[in-house]
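Worksheet for the structure shown next.
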Amino acid sequence: MPIKVLASDIISRIAAGEVIERPASVVKELVENSLDAGATQIAVEINGGGIHLIRVADNGMGIPADEVELAFERHATGKLTSDADLEIISTLGFRGEALPSIASVSEVSIVTRHQDESIGTITKLERGVTTSKTKQAAPQGTIITVRNLFQNVPARLKFLKSAATETSHTSHLVAQYTLAFPEVKFTLTVNGRTTLRSPGNGNLKDTLIEVYGVETAKSMLEIHPDETSGENTLRVSGFVGPAALARSSRDYLSFFVNRRWIQNRSLTFAVEQAYQGMLMTGKHPIVALNIMLPPQEIDVNVHPTKREIRFRNEGEVFLAVQRAVRETLVGLSPVPRMRAPSHSVHGLSPDPLFSVPKAGARPGPAAFPPTAKQRPDQPALPASELPILRVIGQFQSTYILAEGPDGIYLIDQHAAHERILFEKIREQQICQAPEVQGLLEPLTIEVTARQAELLSSQIDILQEAGFSLEPFGEREYLVRAVPAMVKRHEIAPTLFEIIDSLGQAEPSQWSERIAQSLACHGAVRAGQILSLPEIDELMRQLEQTALPRHCPHGRPTMIHLPTSQLQKEFGRRT
Ligand code: ADP
Ligand code: MG
């Protein structure tokens with residue numbers, strides 16, 4: 001094919017593809033424009049996941065009537081004038097790309113009145129072309145409405161997730177901006193219901209209360225900025241959650257650099273390093289960190305959606321973040337000591353919870369991760385079978401030591417119990433007969449706007465799993481019943497973990513994810529002393545499982561030290 005320059009509307013749509021990935025990207029660009037316009041109030045509204053409608057209304061400076069159409073031209077911006085400005089960007093936007101990109105993939109209407117003008121204008125655009133423009137009385141500020149997103153880009157439309165998932169992206173995004181700009185009053189309205197309302201009083205703690213709920217926000221620790229550092233140096237501030245509040249996704253790590261919400265692996269790593277030794281594997285802390293540094297120290301022009309930035313001196317920022325977080329954690333909250341282990345294990349032995357699953361009713365192995373490769377010197381047993389084991393004892397209150405016909409077995413008691421519970425729950429799911437315990441006193445849990453959004457689509461499957469939840473106000477739920485193996489103090493963490501993990505999974509994986517979370521929370525912990533009869537019972541039940549050698553996450557439940565190896569190590573055999 002001969003080489004040709006593309007028609008301008010195709011160029012626009014290709015460029016839009018870089019900036020506008022999904023409805024939340026539109027919200028991001030519009031909110032950033034409102035913030036750049038000095039707004040103190042920003043109302044975001046979405047319907048149908050943002051595909052039907054997105055509206056962002058602000059009380060910022062507005063756009064002069066004769067500049068509205070210009071704002072929708074590619075590379076038209078009021079924020080940069082010279083090359084040198086690019087080095088010291090202090091606004092969120094600077095490329096003049098967002099409005100034309102949005103307009104090329106949707107129907108836009110904009111009502112705006114500039115602060116120096118007495119009458120506003122309303123302008124309508126379809127696929128980037130102005131179709132009408134009239135004068136209209138309007139309050140100072142800008143209201144942009146975006147309808148029927150991606151109707152002319154079917155390929156993009158196909159890649160969108162369900163309305164609930166798209167909504168959850170927007171909820172997450174708006175929550176991040178409320179944290180980055182506590183002095184701005186944000187509201188988020190989803191399908192006519194207001195789901196997030198930030199106080200706008202400039203206080204980050206009050207904003208955290210709105211985003212994460214009172215209980216969580218209250219226990220977060222404030223980073224005290226280094227008083228010795230001056231205005232023009234690197235400063236780290238914000239709040240960090242104690243390790244006990246850790247969550248199973250990284251969505252709760254928020255970084256703002258010069259008030260821009262960004263994602264950065266190195267910062268995530270710095271924070272997780274600061275928590276070293278305090279978090280269980282797979283757990284991530286709740287953190288809202290503000291990093292301020294001179295604008296020439298960062299390059300914000302490295303990513304199409306400006307989600308990533310580059311630091312001139314990344315090592316220095318890394319160390320400052322790690323130190324600030326660590327000092328806050330260690331200085332204000334003593335690292336928790338392991339609690340004295342209780343001598344009786346909830347449920348082991350007589351409790352019907354631990355009844356042995358019936359043979360034949362086990363879930364098929366297809367649902368599980370493949371088992372590890374067997375070493376050649378291991379007995380030729382199928383992975384799903386265990387030899388008869390004689391329990392020798394418990395080691396470090398964490399591992400069970402057992403003797404088999406072919407050597408020694410070290411069994412991780414938590415992982416083994418997880419496997420037992422997991423298969424039991426899967427069996428109950430298949431029979432649609434969850435074992436449920438009613439709560440004498442209902443428990444109230446507070447969820448984030450994003451979790452509330454996810455919960456609304458998950459409520460049926462949670463019900464099937466044995467949770468009875470009732471909405472109670474906008475962001476609270478009453479828990480009236482839970483699956484039998486969940487202990488009362490574990491209810492909220494278990495639910496949060498399930499909501500978050502379902503949010504990251506396809507609906508087809510939901511019941512398996514629920515079983516994993518319930519098994520993990522219901523299983524005996526490392527550090528719990530078990531009696532010999534309890535250990536025997538645990539081993540007997542493990543033998544009955546379909547895949548005794550791996551926990552539901554695919555990690556091994558046991559390590560085998562073959563007799564032949566022992567003989568070699570001790571020089572009894574070469
Ligand atoms: P950029 O933000 O990179 O400048 P945009 O395409 O997002 O590019 O916006 C183009 C211009 O339109 C902005 O530079 C600004 O002058 C104007 N503008 C957009 N949204 C608003 C708003 N909500 N209030 C005031 N001016 C706005
Ligand atoms: Mg912009």
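Before moving on, here are some points about what is shown:
- Here residue 44 fulfils each of the conditions (1) crowded, with 24+ Cβ neighbours inside 10 Å; (2) more than 24 Å from residue 308 (Cβ to Cβ) apart from (2).
- Counting only residues that are in contact (Cβ under 8 Å) with a residue 12 or more places away in the chain, part of a helix (DSSP H, G or I) and among the aliphatic types (A, V, I, L, M), region 446-459 holds 4 of them.
- Residue within region 172-180 that is closer than 15 Å to residue 56 by Cβ, modelled with pLDDT of 90 or more, of a type in the set (Phe, Trp, Tyr) and surrounded by 23 or more Cβ atoms within 10 Å (Cβ to Cβ) present: yes
- Failed criterion for residue 57 (all others in (1) in a helix (DSSP H, G or I); (2) away from ligand 2 (no atom under 14 Å from the Cβ); (3) in contact with a Gly (Cβ under 8 Å, 6 or more places away or on another chain); (4) modelled with pLDDT of 95 or more hold): (1)
- Looking only at region 32-56, and only at residues there that are of a type in the set (Gly, Ala, Ser) and either without any contact (Cβ under 8 Å) to a residue 40 or more places away in the chain or touching a helix residue (DSSP H, G or I) at 6+ places or on another chain (Cβ under 8 Å) (or both), the one that is nearest to ligand 1 (Cβ to nearest atom): 38
- Extreme residue, farthest from residue 397 (Cα to Cα), among residues of region 425-448 that are modelled with pLDDT of 90 or more and buried (at least 17 other Cβ atoms within 10 Å of the Cβ): 448
- Qualifying positions in region 460-481 - within 20 Å of residue 247 (Cα to Cα) and either more than 23 Å from the chain's Cα centre (by Cα) or outside any loop (DSSP other than H, G, I, E, B) (or both): 462, 476, 477, 479
- Any hit, region 8-18, residues being away from ligand 2 (no atom under 16 Å from the Cβ), open to solvent by less than 40 Å² (accessible area, probe 1.4 Å) and assigned to a loop (DSSP other than H, G, I, E, B): no
- Qualifying residue in region 516-524 (condition: at negative phi and part of a loop (DSSP other than H, G, I, E, B)): yes
- Test for residue 29: is it more than 12 Å from ligand 1 (Cβ to nearest atom), within 24 Å of the chain's Cα centre (by Cα) and at pLDDT 80 or above: no
- Hey, residue 67 over 22 Å from residue 301 (Cα atoms), open to solvent by 30 Å² or more (accessible area, probe 1.4 Å) and within 16 Å of ligand 2 (Cβ to nearest atom) or not: yes
- Of the residues making up region 141-167, those that are assigned to a helix (DSSP H, G or I) and either within 16 Å of ligand 1 (Cβ to nearest atom) or not charged (D, E, K, R) (or both) are 154, 155, 157, 159, 163, 164, 165, 167.
- Top-ranked residue of region 114-135 - restricted to ones that are open to solvent by less than 40 Å² (accessible area, probe 1.4 Å) and not in a loop (DSSP other than H, G, I, E, B), ranked as farthest from ligand 1 (Cβ to nearest atom): 122
- You will find that of 84, 138, the residue that is more than 12 Å from ligand 1 (Cβ to nearest atom), part of a helix (DSSP H, G or I), out of contact with any Asp or Glu (no Cβ under 7 Å at 6 or more places or on another chain) and over 22 Å from residue 13 (Cα atoms) is 84 and no other.
- Residue 544, sole failed condition from (1) over 24 Å from residue 388 (Cα atoms); (2) surrounded by fewer than 22 Cβ atoms within 10 Å (Cβ to Cβ); (3) not hydroxyl-bearing (Ser, Thr, Tyr): (1)
- Reported count of residues in region 396-413, each being at pLDDT 90 or above and in a strand (DSSP E or B), is 10.
- Filtered by the rule that a residue be within 15 Å of ligand 2 (Cβ to nearest atom) and not hydroxyl-bearing (Ser, Thr, Tyr), region 93-120 gives 93, 94, 95, 96, 97, 98, 99, 100, 102, 103, 108, 110.
- Looking only at residues in region 538-549 that are at pLDDT below 90 and in contact with a helix residue (DSSP H, G or I) (Cβ under 7 Å, 6 or more places away or on another chain), the one that is farthest from residue 429 (Cα to Cα) is 548.
- Within region 91-113, the residues that satisfy the criterion of being part of a loop (DSSP other than H, G, I, E, B), near ligand 1 (Cβ under 8 Å from one of its atoms) and not polar (S, T, N, Q) are 92, 93, 94, 95, 96, 97.
- Remark: residue 176 falls outside the filter, which requires a residue to be of a type in the set (S, T, N, Q) and either over 23 Å from the mean Cα position of the chain (by Cα) or not in a helix (DSSP H, G or I) (or both).
- Qualifying strands (runs of 3 or more DSSP E) (wholly inside region 210-322; at least 1 residues being modelled with pLDDT of 90 or more, buried (at least 17 other Cβ atoms within 10 Å of the Cβ) and within 18 Å of the chain's Cα centre (by Cα)): 235-240, 253-257, 260-262, 287-292
- If the condition is being more than 26 Å from residue 183 (Cα to Cα), touching a helix residue (DSSP H, G or I) at 6+ places or on another chain (Cβ under 8 Å) and either open to solvent by less than 70 Å² (accessible area, probe 1.4 Å) or polar (S, T, N, Q) (or both), then region 75-96 contributes only 76.
- Within region 392-415, the set of residues being under 16 Å from residue 548 (Cβ atoms), open to solvent by 20 Å² or more (accessible area, probe 1.4 Å) and among the hydrophobic types (A, V, I, L, M, F, W, C) comprises just one member, 410.
- Residues of region 97-109 that turn out to be open to solvent by less than 30 Å² (accessible area, probe 1.4 Å) and in contact with a helix residue (DSSP H, G or I) (Cβ under 8 Å, 6 or more places away or on another chain), as a count: 9
- Out of 23, 2, sole residue that is more than 19 Å from residue 190 (Cα to Cα) and more than 16 Å from ligand 2 (Cβ to nearest atom): 2
The values are calculated or read from the model by the stated rules, or taken from the named source; none is laboratory data. Here the structure is a predicted model, which means the values were calculated and not measured. So basically every Cβ, Gly included, is an ideal-geometry build from the backbone, and we count neighbours across all protein chains shown. We work out accessible area using only protein heavy atoms, side chains counted, and drop any ligands, DNA or RNA first. Shrake-Rupley method; radii C 1.70, N 1.55, O 1.52, S 1.80 Å.
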